[in-house]
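The values are calculated or read from the model by the stated rules, or taken from the named source; none is laboratory data. What you see is a predicted model; the values in this text were computed from it and never measured. Cβ: placed from backbone, ideal geometry, glycine included. Neighbour counts: every protein chain shown. We work out accessible area using only protein heavy atoms, side chains counted, and drop any ligands, DNA or RNA first. Shrake-Rupley method; radii C 1.70, N 1.55, O 1.52, S 1.80 Å.
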Amino acid sequence: MSKSSANRLRLALVGAAATALVATAGSAFSQEFTLRMQTHYTPENMSGQLAQSFIDDVEVMSGGRVKIEMFWSSSVVGSTEGFDAAASGILDGEMHGAAYQTGKNPAFQFVGDPMGGYDNPYQLYGFLYHGGGLDAANELYNAHGMHLVGWWAAGQESMSSSTPLAGPDDLKDWKFRSPPGLETEIFAELGASPIVMDFTEIFTALETGIIDGADASSLANNVGLGLYDIVKHATFPGFHSMPMDHVTFNLEVWNGLPEDIQRIIEVAAQKLALQTTLAFDVANREAAAELVAEGVTLYDWSSEDRAAFRQAAQTAWEGWAEKTPEARALVDAHKAWMKQIGLLD
């Protein structure tokens, strides 16, 4: 064989080896996992767009090894049933909220919305990642066949009212729409008259004077609901309620994922949390500026007033903590963290 022929053969072999290596690498990073998830959001609203970014992050960071098939607007089962659907294997995971599950165990209230606890989402994320919250929460989730990856919180909700809400004294005899459960107990402790009603009934109830105000959602969302066409007072930034959505997976599915895929999902969930908090903070502050210009009065409660509300919340928390050992464990974990960061004495 001539020297030039040998060189050509050598180059051909090198090329073939390189082609085989690329093919092998390509197959190593081909799709390996399809994860079926559900959320109650639509893909068009802000939270839905943020959830879509989470999906994209997982798929890109995994090099295409993971594909998330999202079922939007609770299209497989109802929002309250998403958790059970994942636990039973109908879904692999879900992105709803733990507060839907308080019927299973009151402890879920304290991983869904620890009302009256924190001033902002960063304190709550601190509990999750630095206050032992993730381990404490997963003792509850694991017992129900699920794994909690993380929370994503839009921030404190605002209360809307036809009368001033400058401090706790203004809550006495204040009739307002409230969701059921823990919140009704906290506000009753401060002399308010919470009325449980469906979200869809709020506008008419305000318009007809059946209620003086409402706990409905964030300031920006309340603008979208048209509440400030009727009432001209609101709390902002809020202090009473900060519901969290969660990212969860069936425990067996989660344990079956390789560690690097688990880590990718955890990192994507932390980005989702940060971007959710930032996006809603911007939207709420833009809404606040517009409302002030339109003559709506916004009330930012003092630290003393917030402490009074937090004390009333603690009374209600203790009642719920006595319901189950799991609720007691989570309440104690929250209180220890709140003392550590100076929110409780």
Exercise for the section: Restrict the check to segment 193-203 and report whether at least one residue is open to solvent by less than 30 Å² (accessible area, probe 1.4 Å), more than 21 Å from HIS40 (Cβ to Cβ) and not acidic (Asp, Glu). Expected result: no
Completion exercise
Picking from GLY64, GLY26, the residue that is open to solvent by less than 50 Å² (accessible area, probe 1.4 Å) and either closer than 20 Å to GLY89 by Cα or modelled with pLDDT under 95 (or both) would be GLY26
Exercise for the section: Using the structure shown, decide if PHE187 is in contact with a Pro (Cβ under 6 Å, 6 or more places away or on another chain), crowded, with 23+ Cβ neighbours inside 10 Å and not in a strand (DSSP E or B). Expected result: yes
Fill in the blank from the handout: Checking THR324, THR297, THR315, THR276 in turn, the sole residue that is among the polar types (S, T, N, Q) and within 30 Å of MET61 (Cα to Cα) turns out to be THR276
Practice task
Report, ordered by the first and then the second residue, all pairs with beta carbons closer than 6 Å, sequence separation of six or more or different chains, a first member in segment 41-68 that is in contact (Cβ under 8 Å) with a residue 24 or more places away in the chain and under 18 Å from SER218 (Cα atoms), and a second member that is open to solvent by 40 Å² or more (accessible area, probe 1.4 Å) and in a helix (DSSP H, G or I).
Solution key: LEU50/GLN275
Completion exercise
Being open to solvent by 80 Å² or more (accessible area, probe 1.4 Å) and over 21 Å from GLY132 (Cα atoms) narrows ASP300, ASP305 down to just ASP300
Exercise for the section: Exactly one condition in (1) within 27 Å of GLY82 (Cβ to Cβ); (2) open to solvent by less than 20 Å² (accessible area, probe 1.4 Å); (3) not basic (Lys, Arg) is not met by THR324; state its number. Expected result: (2)
Practice task
Could you list, in sequence order, all residues of segment 83-100 that are at pLDDT 95 or above and either of a type in the set (A, V, I, L, M, F, W, C) or assigned to a helix (DSSP H, G or I) (or both)?
Solution key: PHE83, ASP84, ALA85, ALA86, ALA87, ILE90, LEU91, MET95, ALA98
Exercise for the section: Find the residue count for segment 147-179, including only residues that are open to solvent by less than 20 Å² (accessible area, probe 1.4 Å), closer than 25 Å to ALA336 by Cα and part of a strand (DSSP E or B). Expected result: 6
Completion exercise
Those residues of segment 228-239 that are at pLDDT 95 or above and crowded, with 21+ Cβ neighbours inside 10 Å come to a total of 3
Exercise for the section: Would you mention how many residues in segment 168-201 are at positive phi, of a type in the set (D, E, K, R) and out of contact with any strand residue (DSSP E or B) (no Cβ under 8 Å at 6 or more places or on another chain)? Expected result: 0
Exercise for the section: Taking GLY48 as the residue in question, decide whether it is assigned to a helix (DSSP H, G or I), at pLDDT 80 or above and more than 25 Å from GLY256 (Cβ to Cβ). Expected result: yes
Problem - The listed residue being among the small types (Gly, Ala, Ser), within 30 Å of SER162 (Cβ to Cβ) and either surrounded by fewer than 22 Cβ atoms within 10 Å (Cβ to Cβ) or under 22 Å from the mean Cα position of the chain (by Cα) (or both), out of ALA268, ALA273, ALA289 - result: ALA289
Problem - Test for TYR141: is it out of contact with any Cys (no Cβ under 8 Å at 6 or more places or on another chain), at pLDDT below 95 and of a type in the set (Phe, Trp, Tyr) - result: no
Practice task
Output the qualifying pairs, or none if there are none: Cβ atoms under 8 angstrom, residues six or more apart or on different chains, first residue in segment 317-345 and touching a residue at least 60 places away in the same chain (Cβ under 8 Å), second residue loosely packed, with under 14 Cβ neighbours inside 10 Å and of a type in the set (A, V, I, L, M).
Solution key: GLU326/ALA143
